[in-house]
Amino acid sequence: MSKNSTFIDIQQLTKYYDNGLIKALSDINLELSKGVMYALEGPSGCGKSTLLNIIGTLDTPTSGDVIYEGKTQNSLTNLSDFRRDFIGFIFQFHHLIPTLTLRENIDSAMLFNKRYTKLQRAEKTDKLLQELELSHRQNAYVKHLSGGERQRGAIARAFANEPQLILADEPTGNVDSHNSQIILHKMQEYIKENNATVVIATHDPIVSSYADYNIIMQDSKIISQKSN
Amino acid sequence: MYQILLHYTMRNIVRSKARSLFTIVSISLIINLYTILASIASAIIVQLPDAISRAQVDIFIQSKFASNPLSSLVPIETFNILEKDERVKNCNALIIGKKKLSPKASIFILGMQDVATFANRTGISVTEGRFFKSENLNEILVGSKLAKVMHYKVGDTIELSPDKFYTITGIYSTLISMLNTGVLVHKDEAQHILNKHKHVSMIFLGLQNKDSTEAFIKKFNSENKSLQASKSGELTQNFTSIQNVVHLIDAITLLTLLVAIAVMMNTFIMATSERTKEIGVLSAIGWGRSKIVAVFMLEAVVLAWISAIIGYLSAYPTIALMQKYFISLHAYLPQNPEAGIIPMLVLITTSIGAISALFPALYATKINISEAIRYE
């Protein structure tokens, strides 16, 4: 299934909650390649979000491992730096910081990134705001933004550090179809420009149609994978 | 970077207006109390020995085991002998005692052998009228606080002992606030008013040769078993009741600061709990634990500093009100909050903020990030 060589290798991943009472993931094996958009599909509770969280180092597996370009998750010494430099997260409900302006929210992702100077951060923020048609709203606080603007703001924040991996959990679940199209186009552009990998957990058939690969999950397992 | 962090901090403080206000008010009250207590302690510990040292006093003599200057009794013969001692450059006797003017008000009587010289050296200034003449034994000076409370004016007469009236020739003021609640009289009159005809409270000595201070003290103490000579800097240390008051003030101060930490910590337990999701999101976008903890600590320190400014400034009217309504406290209240405590105040409030936010923030950032993001 790989378009390029393996970028992320997920090996025999299992996750239990509540001292083993709830099985969230069962023996997941998956290889993700660079420059590909994956749609992770399946009913609610099948383990999509758990898989994204573990790939994104927000959660730890009960057993198994995730290998990022040859490095195992356990060997990563500074997870916060790794998340900042390597992964961009997009959540269903934007999760922008309400006490920061839209511009500051985007800047906050780069704030501790030593790759950028203050000027470079400002230029990068300007560019993202322009690309996502948010320049006129840059000084607005989250409560004054529309649903679509919030989600586009969240995408700008996820793209800010130019991560190689974008993990999106129902990114279009809370926006209208017009904004859905914009979001998906931007993700496609991002993949082309950065040769990045995007994994989207979704119920939305439109999202599935944009993806290069569809991974179907059911009852904590991957039951099929197909290319579009 | 700091601009965003500061903006973020200030917005978070404003976000929970009621809670921030409650915290600021609570901490301000505590800082207000701390300022007053610390100012009183500072007056006792710093001002008194400082004034004594300015008066060119090298040695002071008290009765052994006296817990405070009021209970010290030194025979007048000792003073007479020391006055003629060749090693002594200047010798002054102080008689101090409390006299009840009315059932509610009592005043300090301060009797000096040479009032004008001592006053000049210790920074006692006559703000109205003039010094009394040593030959006019029925003339006195009144402290500024006492004059204010009792509405005394220059030219008024006061009955300080049965059928003996004294004329006020002037009103004095000194940085040692407790002295401002007293009257300055000639030593002989103080002995009469306080019924201490054969004693003085303390003797202050300035030596011809300051290098011989240690030797003088050693010899004096070996020859006078019921008296104790000490260096002027040891004045407050030698009186146990002064030390006890200082220790009590320190204990109350420590207690108030612990209460401040508890109040602030409670605020930040609530703040971190409410912002669990935010903590999760910040972690997800690459903010390390230490940076998130630092954000909460910065918020707490800013809150503590705002409270410190309000608390310190509000100590001015608080002291004024206390002076107006609590006459019996006059002797112990400073004129104004002590400016010297400001560096300590900054240190203390910074510590209160940092400590109070540190533990709730450390606890909050221990949470599993995916759970934090789902937190409602």
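Values quoted throughout were computed directly from the atomic coordinates according to the rules given, and no laboratory measurement underlies them. Everything quoted here is computed from the prediction, not taken from an experiment. As a convention, Cβ positions derive from the backbone with ideal geometry for all residues, glycine included, and neighbour counts pool all protein chains shown.
Using the Karplus relation 6.51 cos²θ - 1.76 cosθ + 1.60 with θ = phi - 60°, the per-residue 3J(HN,Hα) values for the range A:180-185 come to 4, 4, 4, 4, 5, 4 Hz, with x marking Gly and Pro.
The protection proxy used here, the mean number of other Cβ atoms lying within 10 Å of each residue, ranks peptides A:181-193, A:216-228 as follows, highest first: A:181-193, A:216-228. Quick query: amide H of A:G88 versus all other amide H atoms, modeled in the peptide plane; which residues come in under 5 Å with a sequence gap of 5 or more or a different chain? For A:G88, whose amide H was placed from the backbone, the distant partners under 5 Å are A:L165, A:I166, A:L167. For the range B:80-157, the set of GluC sites (Glu not before Pro) satisfying both a DSSP loop assignment and a count of at most 10 other C-beta atoms within 10 Å is given as B:E86, B:E135.
Can you give me the angle between helix A:147-159 and the longest principal axis of chain A, using Cα atoms only, in degrees from 0 to 90, rounded to the nearest 10? Rounded to the nearest ten degrees, it is 70. For the segment A:151-162, counting C-beta atoms of other chains within 10 Å of every residue's C-beta and taking the mean gives 1. Multiplying the residue separation of B:T157 and B:L313 by 0.36 nm and removing their Cα-Cα distance gives an extension gain of 52.3 nm. Assuming a ≥ b ≥ c are the square roots of the Cα gyration tensor eigenvalues, decide whether the protein assembly as shown counts as rounded (a/c under 1.5), prolate (otherwise, with a/b larger than b/c) or oblate. Cα axes put the protein assembly as shown in the prolate bin.
Our summary gives the range B:54-236 a relative contact order of 36 percent, counting only alpha carbon pairs under 8 angstrom and 6 or more residues apart.
Within 10 Å of the Cβ of each residue in B:285-294, the mean number of Cβ atoms contributed by other protein chains is 6. Partner shielding of A:19-30 amounts to 0, given as the average count of beta-carbon atoms from other chains within 10 Å of each residue beta-carbon.
Using R0 = 25 Å, the C-beta based FRET efficiency linking A:I216 and A:Q12 works out to 0.85. Taking the average, over residues, of other Cβ atoms within 10 Å as the packing measure, peptides B:362-371, B:148-157, A:166-175, A:49-58 rank A:49-58, A:166-175, B:362-371, B:148-157 from highest down.
Simple spin-label estimate for B:E77 and A:N194 gives 9.8 nm between the two label positions (7 Å along the Cα-to-Cβ direction from each Cα). As a rough footprinting exposure proxy, the listed residues A:R121, A:R152 were ranked by other beta carbons within 10 Å of their own, and the order from fewest upward is A:R121, A:R152. Of the peptides A:7-18, B:179-190, A:94-105, the order by per-residue mean of other Cβ atoms within 10 Å, starting with the highest, comes out as B:179-190, A:94-105, A:7-18. Each helix, a run of at least 4 DSSP H residues, gives -39500 (n - 2.57); summed and divided by the residues of chain B, these come to -17500 deg cm²/dmol at 222 nm. For the range B:11-44, the residues whose amide N sits under 17 Å from a probe point set 7 Å from the Cα of B:H247 along the beta carbon direction are B:41.
Couplings for the range A:207-216, taken from phi via the Karplus curve 6.51 cos²θ - 1.76 cosθ + 1.60 with θ = phi - 60°, read 4, 4, 5, 7, 6, 7, 10, 10, 10, 9 Hz in order; Gly and Pro are left as x.
Site pair B:D85 and A:L76 shows an inter-label distance of 8.0 nm when each label is modelled 7 Å from Cα along Cα→Cβ.
Determine the distance separating the Cα centre of the range B:297-366 from the Cα centre of the range B:1-44; give it in Å without decimals. So the two Cα centres are separated by 8 Å. Report, ordered by chain and residue number, the lysines lying within cross-link reach of A:K124, taken as a straight Cα distance under 28 Å and ignoring same-chain residues fewer than 8 apart. Answer for A:K124, where 28 Å is the Cα cut-off: A:K34, A:K114, A:K143, A:K186, A:K192, B:K277, B:K291, listed by chain and number. Once the C-beta distance of B:M344 and B:S16 is scaled by a Förster radius of 35 Å, the resulting FRET efficiency is 0.75 to the nearest 0.05. Each part gets one Cα centre, and for the range A:1-42 versus the range A:135-151 those centres are 34 Å apart. Ignoring lysines fewer than eight residues from B:K98 along the same chain, the ones with Cα atoms less than 29 angstrom from its Cα are B:K64, B:K133, B:K145, B:K148, B:K153, B:K164, B:K187, B:K196, B:K198, B:K225, B:K231, B:K324. Please determine, in degrees from 0 to 90 and to the nearest 10, the orientation of helix A:118-131 with respect to the longest principal axis defined by the Cα atoms of chain A, where the helix direction is its Cα long axis. It is inclined by approximately 80 degrees. Considering only alpha-carbon pairs that sit under 8 angstrom and 6 or more positions apart, the relative contact order computed for chain B is 27 percent. Contact order, relative form, for chain A: 30 percent (alpha carbon pairs under 8 Å, 6 or more residues apart, mean separation divided by residue count). The ranking of B:S173, B:S161, B:S28 from fewest to most other beta carbons within 10 Å of each one's beta carbon is B:S161, B:S173, B:S28.
Taken one residue at a time, the phi angles of the range B:163-173 give Karplus couplings (6.51, -1.76, 1.60, θ = phi - 60°) of 6, 10, 9, 10, 9, 7, 9, x, 10, 10, 9 Hz. Gly and Pro are set to x. Of the residues B:Y363, A:V199, A:N228, the one whose Cα sits farthest towards the positive end of the charge dipole of the protein assembly as shown is B:Y363 (charges of +1 on Lys and Arg Cβ, -1 on Asp and Glu Cβ, taken about the Cα centre). For B:V25 and B:T213, a Förster radius of 56 Å and the Cβ-Cβ distance give a FRET efficiency of 0.65, rounded to the nearest 0.05.
Listed from fewest to most Cβ neighbours within 10 Å, the set B:E338, B:E77 follows the order B:E77, B:E338.
Note on A:K15: aspartates and glutamates with a C-alpha under 15 Å away, same-chain residues under 8 apart excluded, are A:D27, A:D59, A:D65, A:D219, B:E371.
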